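The structure under discussion appears below in the form of structure tokens.
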Amino acid sequence: MKLLNAGRFLLRGAAGVFLAAGALRAEEPEWKAVRETTFDLVWSTVNEAYYDPTFGGVDWAGIKKTYQARVEEADDKAELRGVLQAMLGELRKTHFAIVPREAAVFTPEERKQTGTTGAKFVTAGGEVVVADVAADSAAAAAGLRNGDKIRSVGGREVAEVARLYADTGVTEARRDFYLKSFVTAPLSGPVGGSVAVEVEGADGKVRTVELKSEMQQGAWSEPMGNLPSYPVAIEARRGEDGLGYLKFNTFSPALMKEIRVFLRELRTGDGLVIDLRGNPGGLILMASGLCGWLSAEEFSLGRMRMRSGLMNFDVFPQAKAFTGPVAVLIDSGSASTSEVLAAGLQEAGRARVFGETSAGAALPSAFLKLPTGDLLQYALADLTTPGGATLEGVGVTPDEPVKRSREDIAAESDPVLEAAKKWIGDRRRAGEGEGTK
Amino acid sequence: MWILIGLVVAGAGGCVTRPEKVKAREADEVLARWVEVLGGEKAIRKIAGVRSEVGLRFAPGAPELVFVAKETTGGRFRWELSTPAYWKVTTVSDGRAGYMMNDVLGVGLMEGRSFRVAARDSDPQMPLKLAELFPVRRRLPDVVENGARIRVVELTDTEGVKETWFMDAESGQRVRMERPEVTIRCSDFRKVGDYTVAYAVTNTHGAEFNLKAVSFTERWDDGEFAVSPEMKAGAQKAAGILKRHVEAVGGEALERVRSRVSVAEVDIENLGIKFDMKITQQRPNRVLMEHTVPGMGTMYQGYDGTTGWASSELQGYRELKGQELTQLLTMADLGADTRLQEICPFRELAGERELPGGRATGIKLGSLAGPNGTYWFDHATGRLVRVESAIITGPKSHVTMTLDMSDFREVDGVWMAFTTRVDNPTMKMVTRIKSVENNVAVDEAIFRPRTED
């Protein structure tokens, strides 16, 4: 079973809506039947699988009637998608989304068509900021620099969207998570496309740049059934000072071997930083697999409760596991499996968590192929920490809250990482190389 | 008298050589001494019933359960076991069959050899019936254990099954019984009135019986051993359905299957995931399951006779314990299909239902470990066609499921469901067998734990 993250697919879902709206008018004679079958499948799948039989107080049967009428007016796939997404939105939970087929990558050919600008973004102080620009990328060519603030994308103002999110009553962390997705989704469109982006530099000057999408370089995960393929990246290094640093962009099995090899190479007395900032999650079993290399004791990372049945995410200690001090870095871009791992290690006393409150978007989910070709992402279960704390809508609160400001980003300083390094240094000097348990 | 009976039986056979006669006589001398140290023939004959209160552990270190036994002659008994999970399990024997009863688990029918042995052992006058119960008795050479001389007697019962008793030469007490299925050790012998009883009994299944109190009676209310006709009918019907299922599977042919290699295509329909799974089984209990999920890596689960284990690229290596191990051992048991009666002693009829393949009768099956689920048997064929149960997905993890079986085909005389469909809240999974090979040579090494990635 695959249990997947919210973030990446919220992001891709949003991308599809933005890029495809109005462009996919369906003229097949069977449209009416496809529309009705799709609607029924989406509604009934949620009806059968939603982990809470009371739907959290939402009248799901009543919602069917309301949206059935609206679906009958959907003339094309984009409109249908909008109605279905709105219906799923009534649940007010993450991990319920319609992912447009065009936004999902399954084949090597589709990988070549999926673009990137080469820039990475973070949120700082409620704003979306450029955090890393790859050399020789479209973003570099357009003059983007670390610390640049994104004011608008494709003509839509970020501040206005931020206000809309705030009005829905979501947490700041969740707002920032959505806001970043709002900016990054249009920027990962088809290769050759471009989007106008209004940028405010560190000097306060505003400029508009045309950001082109170029072909993604690097590795991709393999598709897993209905779960699409996506780019994977990992940074795993051990400094001469014995400090290990592990950062990866998603919990993909494609990265597991490299992570395992890296963790096995850590030595007694070393320290480890796991940087989950900006990591929207992925395969949840990988979190427990990774933690098996970080503990000499069996423990649980969390618990998934379905309508009938439950599943623990147990950590099984591996031979020669690393038991030195571990710091986990999180921010509002850390979602789903990242939150499970951070909260689980935190609650077990196996790691100290640094940074900002995470997205609070943590529900195990699956993907179902719809008759329209789109994908339905739907949550299968509620998820709690071993102690019973809910992550959905709440997030993980760091043990040591540390913010990284726009100025820090512009100056390429990282106070979150520095705080973690200091704590690990203290622990190692105190001779507590056997972990925090 | 016991000597006389022994000689008569031996003589009636007409084929016992002189040395065998000597061995028989010597055996009976040892057994006669045992009767004497128990209290003597006269005292034993007076016992109409025994009431014992026992602290029972099913495994060393397991919680102690309260077990109360009331046993009388003629194989009649009433056992009451208080379990933490399912409260009280009562087993009543009317001498012909035993009926286990529990409010949650239903009714279980004890029959066959296990019942006959229980009925024999529970009879307080059993020491006086040895010649009748064990027509053949032989003295074997003595052994010395922990410095003590032990007299050894081999007894063969009316079904031809042998067991060996080990009697302490000094005390005359029976300290050990070796049976084909289990070895029982007795110790801490104490005098209670005219009788001597063992206060500590253990067996090689790990169970420990610690006698707390015992009393003897010369009269007993027969109502203690009564079973209602309805209960008998229900238990007999369930037992009949299970027996028919064994025939429908091809039970005898299955016994001839010593190993099996199956390859099946697994299709998790709602997730769009398809992969092949290979299962290798070898008697008595070896299994290896291996499959590669595209994008997720290769996973193994196995049991080598000692260790149940799982290994995957994602989660590394681990040993399986508890319910996970129990579930794996069921997979390892090639004969599990024909041993439902043994594995699930509790049964309760769950009515009839129209299933896609036809009308079926349901039986809720369970063991002392808890309910196993509801099993549905097809009226026309007698085959097991549906199981409503829970899958153990990890330590303390389970998911409810419905498993439907169809497309039955005969392979070497055994009928197998070539298509199974599992439906649970998280997945809809169809498994289609692509190939089955029975009695292939299997290298034992493949079942060993794969600790290296």
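For segment B:437-450, the criterion of being in a strand (DSSP E or B) and of a type in the set (Lys, Arg) is met by no residue.
Considering only segment A:297-320, how many residues are over 26 Å from A:ARG174 (Cβ atoms), touching a residue at least 40 places away in the same chain (Cβ under 8 Å) and not in a strand (DSSP E or B)? Going through segment A:297-320 one residue at a time, the tally reaches 2.
Restricted to segment A:269-282, and to residues that are part of a loop (DSSP other than H, G, I, E, B) and touching a helix residue (DSSP H, G or I) at 6+ places or on another chain (Cβ under 6 Å), which residue is most open to solvent (accessible area, probe 1.4 Å)? Steps first, answer last, please.
Going through segment A:269-282, the residues part of a loop (DSSP other than H, G, I, E, B) turn out to be A:269-270, A:276-281.
Those left that are additionally touching a helix residue (DSSP H, G or I) at 6+ places or on another chain (Cβ under 6 Å): A:276, A:279-281.
On the way: A:LEU276: 0, A:ASN279: 0, A:PRO280: 19, A:GLY281: 0 Å².
Looking at the filtered set, the residue picked out is A:PRO280.
So for segment B:419-426 (the condition being of a type in the set (D, E, K, R) and within 14 Å of another protein chain (Cβ to nearest Cβ)), does at least one residue qualify? Looking through segment B:419-426, at least one residue is of a type in the set (D, E, K, R) and within 14 Å of another protein chain (Cβ to nearest Cβ).
When segment B:271-295 is filtered for residues that are open to solvent by less than 30 Å² (accessible area, probe 1.4 Å), touching a Phe, Trp or Tyr at 6+ places or on another chain (Cβ under 9 Å) and within 8 Å of another protein chain (Cβ to nearest Cβ), the ones remaining, listed by number, are B:LEU271, B:VAL293. Taking (1) crowded, with 16+ Cβ neighbours inside 10 Å; (2) outside the structural domain of A:ALA327 (by TED's automatic domain parsing) in turn, A:PHE248 satisfies each apart from (2).
None of A:LEU368, A:LEU417, A:LEU383 is open to solvent by 10 Å² or more (accessible area, probe 1.4 Å) and in a strand (DSSP E or B) except A:LEU368.
Taking segment A:218-262, which residues are part of a loop (DSSP other than H, G, I, E, B) and without any contact (Cβ under 8 Å) to a residue 60 or more places away in the chain? Full working, then the answer.
Step one: list which residues in segment A:218-262 are part of a loop (DSSP other than H, G, I, E, B), which gives A:218-219, A:221-223, A:225-226, A:228, A:230, A:232-233, A:239-242, A:249-250, A:252.
Across segment A:218-262, the qualifying residues are A:GLY218, A:ALA219, A:SER221, A:GLU222, A:VAL232, A:ALA233, A:GLY239, A:GLU240, A:ASP241, A:ASN249, A:SER252.
I want to confirm something. Restricting to segment A:27-51 and keeping residues that are in a loop (DSSP other than H, G, I, E, B) and surrounded by fewer than 16 Cβ atoms within 10 Å (Cβ to Cβ), which single residue is modelled with the highest pLDDT? Going through the qualifying residues, I end up with A:GLU30.
Consider segment B:318-337 and keep the residues that are in contact with a Phe, Trp or Tyr (Cβ under 7 Å, 6 or more places away or on another chain) and buried (at least 18 other Cβ atoms within 10 Å of the Cβ). The one that is nearest to B:SER262 (Cα to Cα) is B:ALA332. Elements of the type helices (runs of 4 or more DSSP H) sitting completely within segment A:92-207 and holding at least 1 residues that are among the polar types (S, T, N, Q) and open to solvent by 50 Å² or more (accessible area, probe 1.4 Å): these cover A:108-113. Every condition in (1) within 22 Å of A:PRO53 (Cα to Cα); (2) open to solvent by 20 Å² or more (accessible area, probe 1.4 Å); (3) within 14 Å of another protein chain (Cβ to nearest Cβ) holds for A:GLY393 except the one numbered (3).
Let's see how each residue does on (1) under 22 Å from B:ARG386 (Cα atoms); (2) in contact with an Asp or Glu (Cβ under 9 Å, 6 or more places away or on another chain); (3) assigned by TED's automatic domain parsing to the domain that holds B:SER311:
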residue	(1), (2), (3)
B:MET405	yes, no, yes
B:MET429	yes, yes, yes
B:ARG432	yes, yes, yes
B:GLU437	no, no, yes
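Using the structure shown, decide if B:VAL175 is under 21 Å from B:ALA118 (Cα atoms), open to solvent by less than 20 Å² (accessible area, probe 1.4 Å) and in a strand (DSSP E or B). Please lay out each step first, then the result.
Values: under 21 Å from B:ALA118 (Cα atoms): yes; open to solvent by less than 20 Å² (accessible area, probe 1.4 Å): no; in a strand (DSSP E or B): yes.
No; evaluated as a whole, the condition is false for this residue.
Looking only at residues of segment B:305-322 that are assigned to a strand (DSSP E or B) and of a type outside the set (Ser, Thr, Tyr), we find that the one that is farthest from the other protein chains (Cβ to nearest Cβ) is B:GLY308.
Only one of the listed residues (A:ARG350, A:ARG303, A:ARG277) is at pLDDT below 95 and more than 8 Å from chain B (Cβ to nearest Cβ). That residue is A:ARG303. Quick check on my filter: what residues within segment A:52-86 are open to solvent by less than 50 Å² (accessible area, probe 1.4 Å), closer than 20 Å to A:ALA97 by Cβ and not hydrophobic (A, V, I, L, M, F, W, C)? Result: A:ASP52, A:TYR67, A:ASP76, A:LYS77, A:ARG81, A:GLY82. Residue-level analysis places B:ARG353 outside the set of residues that are open to solvent by less than 60 Å² (accessible area, probe 1.4 Å), farther than 24 Å from B:VAL261 by Cβ and assigned to a strand (DSSP E or B).
May I ask you to list the residues in segment A:103-127 that are of a type in the set (Asp, Glu) and assigned by TED's automatic domain parsing to the domain that holds A:ALA138? Of everything in segment A:103-127, just one residue is of a type in the set (Asp, Glu) and assigned by TED's automatic domain parsing to the domain that holds A:ALA138, namely A:GLU127. Screening B:MET416 against (1) part of a strand (DSSP E or B); (2) of a type outside the set (Asp, Glu); (3) open to solvent by 50 Å² or more (accessible area, probe 1.4 Å) leaves a single unmet condition, (3). Taking the listed residues B:LYS237, B:LYS243, B:LYS232, the one that is part of a helix (DSSP H, G or I), surrounded by fewer than 20 Cβ atoms within 10 Å (Cβ to Cβ) and touching a helix residue (DSSP H, G or I) at 6+ places or on another chain (Cβ under 9 Å) is B:LYS243, with no other qualifying. Looking at B:THR400, is it within 14 Å of another protein chain (Cβ to nearest Cβ) and touching a strand residue (DSSP E or B) at 6+ places or on another chain (Cβ under 6 Å)? Yes, satisfied.
Contact annotation: residue pairs with Cβ atoms under 8 Å, 6 or more positions apart or on different chains, pairing a residue in segment B:85-112 that is at positive phi with a partner that is open to solvent by less than 40 Å² (accessible area, probe 1.4 Å), are B:TRP87/B:ASN102; B:GLY95/B:GLY75; B:GLY95/B:ALA119; B:GLY95/B:PHE225; B:GLY106/B:PHE346; B:GLY106/B:ARG347; B:GLY106/B:GLY366.
Within segment A:284-295, can one find any residue that is away from chain B (no Cβ under 11 Å) and either crowded, with 20+ Cβ neighbours inside 10 Å or within 25 Å of the chain's Cα centre (by Cα) (or both)? Yes, segment A:284-295 contains at least one residue that is away from chain B (no Cβ under 11 Å) and either crowded, with 20+ Cβ neighbours inside 10 Å or within 25 Å of the chain's Cα centre (by Cα) (or both).
The values are calculated or read from the model by the stated rules, or taken from the named source; none is laboratory data. Just so it is clear, the structure is predicted and the values come from calculations on it, not from any experiment. Methodologically, a virtual Cβ is constructed for each residue, glycine included, from the backbone with ideal geometry; neighbour enumeration extends over all protein chains shown. For the accessible areas, the whole protein counts, side chains as well, though only heavy atoms, and no ligand, DNA or RNA atoms are used. Shrake-Rupley method; radii C 1.70, N 1.55, O 1.52, S 1.80 Å.
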